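K.L.:
Below: one structure in structure tokens.
Nothing in this text is a laboratory measurement; each read-out follows from the coordinates by a stated rule. Keep in mind that what you see is a predicted model, and the values were worked out from it rather than measured. Don't worry about glycine lacking a Cβ; one is built from the backbone with ideal geometry, like all the others, and counts go over all protein chains shown.
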Amino acid sequence: MNIFVAGMMMETNSFSAIPCTRDSFVNAMYYRPEALGPEPEAAAYEQFGYRTFLRLAREKGYGAYASLHAFAEPAAPCRQEDYESLRDEIIDDLRSAMPVDMVFLMLHGAQMAQGYDDCEGDIIERVRAIVGPDIFIGVELDLHGNVTTRMAEASNALVACLLYPHTDFDERGEQLFEIGERFARGEIRTHNHIQRVPMMGLYYTTLPRMAAVNDAVLVAERREGIHSVSLMHGFAWADHPDVGAAVIVVAEPDRDDVPELARHLGRQFFAARDETCDLRRPIDDILDEIAASGEPGPFVIADVADNAGGGAGADSTFILQRLIERGVGDAALAMIWDPIAVDFAYRAGLGNRLNLRLGGKTGPFAGPPVDGDATVIALADAIEQEDPAGGLMFGIGRAALLRIDGVLVVVNSVRQQVYDPVCFTGLGIDLSALRVVVVKSTQHFYEYFGPLATKTFYCETPGSLTLDFDPARYRRLQRPIWPIDADAAPE
Ligand SMILES: [Zn+2]
């Protein structure tokens, strides 16, 4: 048996001010084996996204062809010719790897490019055109994808991660691999059934109601003839008709209980829709609670609406401004993406002061810049942080720790959310000595910061990823959809 693996992942924010080009992938994650062949080079077995498929293929003695795996930090739709060149690398590799018995793709599910609303559907259809109707195409997705009929019809099995933070990609990959093997051996057949759930939002599976919906998914997966069930949370900061949540059931094609199962899970999922947005509180509310608390810190505040991992600029100043205005001492914030401020800090030098205009650059969602007297406390240019979803290491670029009006602020040159405490500790900050720690991240910070926090808060601001959706920004949504339309309801 021969398998072919490839991947491309980019969560696309239609409203983002940050351009996406081929370099956005090359500079973030672009892995390409030296040569295509049935014995992938050692580095391929380390590659997030398809390492699970390669490991299993090796254990079973199958041949494996590893093609491109590319990832870019979320941003605006990719420049058309750049997306096409990356896609065609995968397609050309597949052509030279043929014949293959199974194809495994690691895709995001919410990738757009100029001229393409549905990059995943485009990639899968092109793969299908090469392998023909009978070869298994399995696709592993991020649960934040906006799943489409094209994706479902062109592939044999769509399986998404179930957890947010996404710490289960490897387990879900194993499940997909097993479905592929059984399909290739002729033991099972598959059909992707999609049930749309008309809602836009974020749903943390660490919360009790969402965890219960995931438990129901695991129970459903044990039914005879049901091969996999996924909840697609959708990605709400995109504007096309497939935006929204969905249930995917991969099952034997002739089972007539599947539509009702999917509708039932969709209604349960819909019932938990407000659990996460209820957590979001204004900054003053949070700071009041911390001020009144007799407990020691650190209290962790997530700046959820300015997450680079959702296409935000990571340079909003709403929280920093309030920390300064309220004179909150013992506070540190990371990371404001501001390459000019970083450059100024490096040129000013360690221990020196500068008049700095910081942040507020990428658009109205970033708020106004903060002008202040900054002292350069530390500089570091080799910090790498670990993304708990894939165990990947990402360099944060040149970073500087500044003290601005009493608040410690980490500024850096590579736009990225905060996953890992090293974004602070790498610059000499002792988190346990602080009262308030602010991280720009929606939820992926939680894996490493949750355990060290006295309490975690999710702060709502007018940033890019606000849950206060403005219907005027959208032109192509399928309506009704919650929360824009109060009468939206699942089938
Ligand atoms: Zn995601």
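K.L.:
Please compute the length gained on full extension between Arg182 and Arg222, using 0.36 nm multiplied by the number of residues separating them and subtracting their Cα-Cα distance.
P.N.:
Gain on stretching Arg182 to Arg222: 12.8 nm.
K.L.:
Where does each of His108, His191 land when they are ranked from fewest to most other beta-carbon atoms within 10 angstrom?
P.N.:
Fewest-to-most ranking of His108, His191: His191, His108.
K.L.:
Which order do peptides 479-491, 172-184 fall in by mean Cβ count within 10 Å, highest first?
P.N.:
172-184, 479-491
K.L.:
What full-extension length gain, to one decimal in nm, is calculated for Glu81 and Ala35 as 0.36 nm per residue of separation minus the Cα-Cα distance? Before the final figure, lay out each step's value.
P.N.:
Working: separation 46, 0.36 × 46 = 16.56 nm, distance 2.40 nm.
Gain on stretching Glu81 to Ala35: 14.2 nm.
K.L.:
Assuming R0 = 45 Å, can you tell me the calculated FRET efficiency for the pair Ile130 and Thr454, based on Cβ-Cβ distance, to the nearest 0.05?
P.N.:
Taking R0 as 45 Å, the efficiency between Ile130 and Thr454 is 0.25.
K.L.:
What percent do you get for the relative contact order of the stretch 283-459 when only Cα pairs under 8 Å and 6+ apart count?
P.N.:
35 percent
K.L.:
Tell me which cysteines of the chain come out unpaired when the rule is another cysteine's Cβ under 4.7 Å.
P.N.:
Cys119, Cys161, Cys277, Cys423, Cys459
K.L.:
Could you please rank Glu84, Glu224, Glu384, placing first whichever residue has the fewest other Cβ atoms within 10 Å of its Cβ?
P.N.:
Arranged by neighbour count, lowest to highest, Glu84, Glu224, Glu384 become Glu224, Glu384, Glu84.
K.L.:
Treat the count of other C-beta atoms within 10 Å as a stand-in for reagent exposure and order Thr21, Thr149, Thr456, Thr12 from fewest to most.
P.N.:
Fewest to most other Cβ atoms nearby, the residues stand as Thr149, Thr21, Thr456, Thr12.
K.L.:
Treat every Asp and Glu Cβ in the stretch 283-459 as -1 and every Lys and Arg Cβ as +1, leave all other atoms uncharged, and give the resulting dipole magnitude about the Cα centre to the nearest 20 debye.
P.N.:
420 debye
K.L.:
Using only Cα atoms and rounding to the nearest 10 degrees, what angle (0 to 90) does helix 51-60 make with the longest principal axis of the chain?
P.N.:
So the inclination is approximately 40 degrees.
K.L.:
If you wrap the chain's Cα atoms in a convex hull and average its projection over all directions, what's the area in nm²?
P.N.:
22.2 nm²
K.L.:
Report, ordered by chain and residue number, the lysines lying within cross-link reach of Lys455, taken as a straight Cα distance under 20 Å and ignoring same-chain residues fewer than 8 apart.
P.N.:
Lys440
K.L.:
Quick one: length gained pulling Asp487 to Ala211 fully straight, 0.36 nm per residue minus the C-alpha distance? Intermediate results must be reported in sequence, preceding the final value.
P.N.:
Numbers: separation 276, 0.36 × 276 = 99.36 nm, distance 2.54 nm.
Separation in residues times 0.36 nm, less the Cα-Cα distance, equals 96.8 nm.
K.L.:
Can you give the FRET efficiency for Arg353 and Asp239, using 1/(1 + (r/R0)^6), R0 = 45 Å, r = Cβ-Cβ distance, to the nearest 0.05?
P.N.:
Computed FRET efficiency for Arg353 and Asp239 comes out at 0.50.
K.L.:
Tally Lys/Arg at +1 and Asp/Glu at -1 over every other residue whose Cβ is under 14 Å from the Cβ of Phe449; what's the total? Mind showing how you got there, number by number?
P.N.:
Values: positive: Lys440, Lys455; negative: Asp303, Glu386, Asp387, Asp420, Glu447.
In short, -3.
K.L.:
What is the distance in Å between the Cα centroid of the stretch 364-432 and that of the stretch 31-98?
P.N.:
Their Cα centres are 32 Å away from one another.
K.L.:
Of Ile383, Ile396, Gly367, which is farthest towards the positive pole of the stretch 323-413's charge dipole, taken about the Cα centre with +1 and -1 on the beta-carbons of Lys, Arg and Asp, Glu respectively?
P.N.:
Gly367
K.L.:
Here's something else I'd like to know. Considering only Phe235, Gly7, Gly132, whose Cα is most displaced toward the positive end of the charge dipole of the stretch 2-271, charges sitting on Cβ of Lys, Arg (+1) and Asp, Glu (-1)?
P.N.:
Comparing the listed Cα positions along the dipole, Phe235 ranks first.
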